[in-house]
Amino acid sequence: MLVGIKTRERNEMSMPLVALCADEESLRNPEMLGLGGENLAAQSWLQLFSSAEQARCSLRNDTGIQEVWVASCDEVAPINLAAALKRDRRDRRVCMLSAQESGSLRSRASAAGIDASFTRQAFVERYALCKQIAMSASASAPVQPAFGGPALAGPAGASAVAPACAPAKGAQPAFAQLAYGGAQPQAQQQASAPAQGNSRGFLLPVVSGSGGAGKSAVALLAAYAAQRMGKSTLLLDFDLQFGDMAELAGVQHPLRIDEAIANPERLTGLQPQGNAPALLAAPLHIDAAEAVVAQAPALLETLRGRFDVIVANTGGAWAEQHAVLLERSSKALFLIDQRMSSVYACKRALDLCARCGIAVNPLLFVLNGCGKGAPLSSIDVSCVLKGAHVHELADGGADVEDMLAAHGIEELFDARNELVASIEQLLAEVIPGMQGSQPGEREGAGLPFLRGKKPRKRRRA
């Protein structure tokens, strides 16, 4: 097996600046990668790997490698290897070669933090550019590097290749500074660009493995909580078939997702009102769901540029819209209720994510309805989920159902309902910069008939 090809001592040659991960056959026959006539093993600036395990072990602590290209692998799917290499070192560029550019692949790559997805032609152009810089560097007079070893200088008019050492704080490796021009797809240019206004919003979907876990109520209260805690918040009803956020929030004429997609200028009027978050409701007609999913990535990016926090409600049946949200989420609340069937549904959903290549690291497992006498605790659920951490949301009692039915959301917060308080605590832990309620704020006047009362137990069928 070809693993870690080119084992020459680094003091005898320029330290490799780029790593290429590809299966053994492709490394032996570079024409399969579009690099016909190239001798990959002879490139002093290129480190080769065919083993995913060897690549991770070698590259994890190697500060000399500025960029990694993942074409294929003998052991795992390329996107999984690319995602793992990015997790190992966030400060290094990781790029992936894809034979066919697809929206799904771009979404998965973006969710994993992969910096670029190359078509074959783009990869060939990138290879040629890096080779040209390395050859120019080797022919130039070296300067003394900061940490020993030969320094590499770039050609006139191009960014210089940094010396083989860790880059200065705040500085980008030279290869990362190079303009891609037409070599990088536009979508990937946007994905790999520094975070600016269009990526500041914290996207927080609320999902579950089955219906009845309380997604709608938790999503609604979480959006109100985030708005009351000082964040400009949008409640996005992404249950595209049966979403009822508008009805729960008591909004009679909401802007709907399909309307916003058809007329983007209408988003300018989408604003929170006092303690109430802005609302983008589900389509009025079920048959609009497919068209919404196709346009959802662009819509989500626009919304993240307008709001600090986006809380997204979802449907009970998993479909493509779940993948769209999870692949772009900052964190996601995976809600589990007090039924064992809900726990097992969670496991099945996780298996589905694994088969579809959807990253599950943003998921936060949350057990709803916790309290004295509840059938399940977070420890019980954690054991089933093989030790995963499980957060708890308190049982708010029947008061939650009563007040939501009467559109009394503000009253629930004023009364310091236990479910509301636990949602606020969870958001303060999850969302950066979120400030929890002050002690004085937790002692509101509340509802006269709720003041001083403990929440009633939820009626169970």
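Close contacts from segment 30-56, counting a first residue that is over 15 Å from Arg120 (Cβ atoms) and a second that is crowded, with 20+ Cβ neighbours inside 10 Å and aromatic (Phe, Trp, Tyr), with Cβ to Cβ under 6 Å and a gap of 6+ residues or different chains, come to Ala55/Phe49.
Here Ser14 qualifies as surrounded by 20 or more Cβ atoms within 10 Å (Cβ to Cβ), at pLDDT below 85 and over 30 Å from Ala296 (Cβ atoms). Looking for something surrounded by fewer than 18 Cβ atoms within 10 Å (Cβ to Cβ) and small (Gly, Ala, Ser) - is there at least one such residue anywhere in segment 250-262? Looking for residues that are surrounded by fewer than 18 Cβ atoms within 10 Å (Cβ to Cβ) and small (Gly, Ala, Ser), one finds at least one in segment 250-262, hence yes. Taking the criterion of being part of a helix (DSSP H, G or I) and touching a strand residue (DSSP E or B) at 6+ places or on another chain (Cβ under 7 Å), the residues of segment 357-416 that qualify are Ser378, Val381, Ser382. Entry remark, segment 115-129: residues being aliphatic (A, V, I, L, M) and surrounded by fewer than 23 Cβ atoms within 10 Å (Cβ to Cβ) number 3 in total.
The set of residues from segment 294-311 being surrounded by 19 or more Cβ atoms within 10 Å (Cβ to Cβ) and out of contact with any Ser or Thr (no Cβ under 8 Å at 6 or more places or on another chain) comprises Ala296, Leu300, Leu303. Each residue in segment 201-218 was checked for being part of a helix (DSSP H, G or I) and either at pLDDT 95 or above or over 19 Å from Ala323 (Cβ atoms) (or both), and 3 of them qualify.
Counting residues in segment 227-246 that are surrounded by fewer than 22 Cβ atoms within 10 Å (Cβ to Cβ), modelled with pLDDT under 90, charged (D, E, K, R) and more than 19 Å from the chain's Cα centre (by Cα) gives one or more. Evaluated against (1) modelled with pLDDT under 90; (2) surrounded by 15 or more Cβ atoms within 10 Å (Cβ to Cβ), Ser378 falls short on exactly one condition, (1).
Has segment 181-189 got any residue that is modelled with pLDDT under 50, among the aliphatic types (A, V, I, L, M) and touching a Gly at 6+ places or on another chain (Cβ under 9 Å)? Looking for residues that are modelled with pLDDT under 50, among the aliphatic types (A, V, I, L, M) and touching a Gly at 6+ places or on another chain (Cβ under 9 Å), one finds at least one in segment 181-189, hence yes.
Condition test on Gln425, is it polar (S, T, N, Q) and more than 30 Å from Arg108 (Cα to Cα)? Considered against the rule, which asks whether it is polar (S, T, N, Q) and more than 30 Å from Arg108 (Cα to Cα), Gln425 comes out as yes. For the residues Arg87, Arg108, Arg93, the requirement of being buried (at least 17 other Cβ atoms within 10 Å of the Cβ), modelled with pLDDT of 85 or more and assigned by TED's automatic domain parsing to the domain that holds Leu20 singles out Arg93.
The values are calculated or read from the model by the stated rules, or taken from the named source; none is laboratory data. Computed from a prediction, not measured in an experiment: that's the story for all the values here. Because the Cβ atoms are built from the backbone with ideal geometry, glycine has one as well, and the counts that use them run over all protein chains shown.
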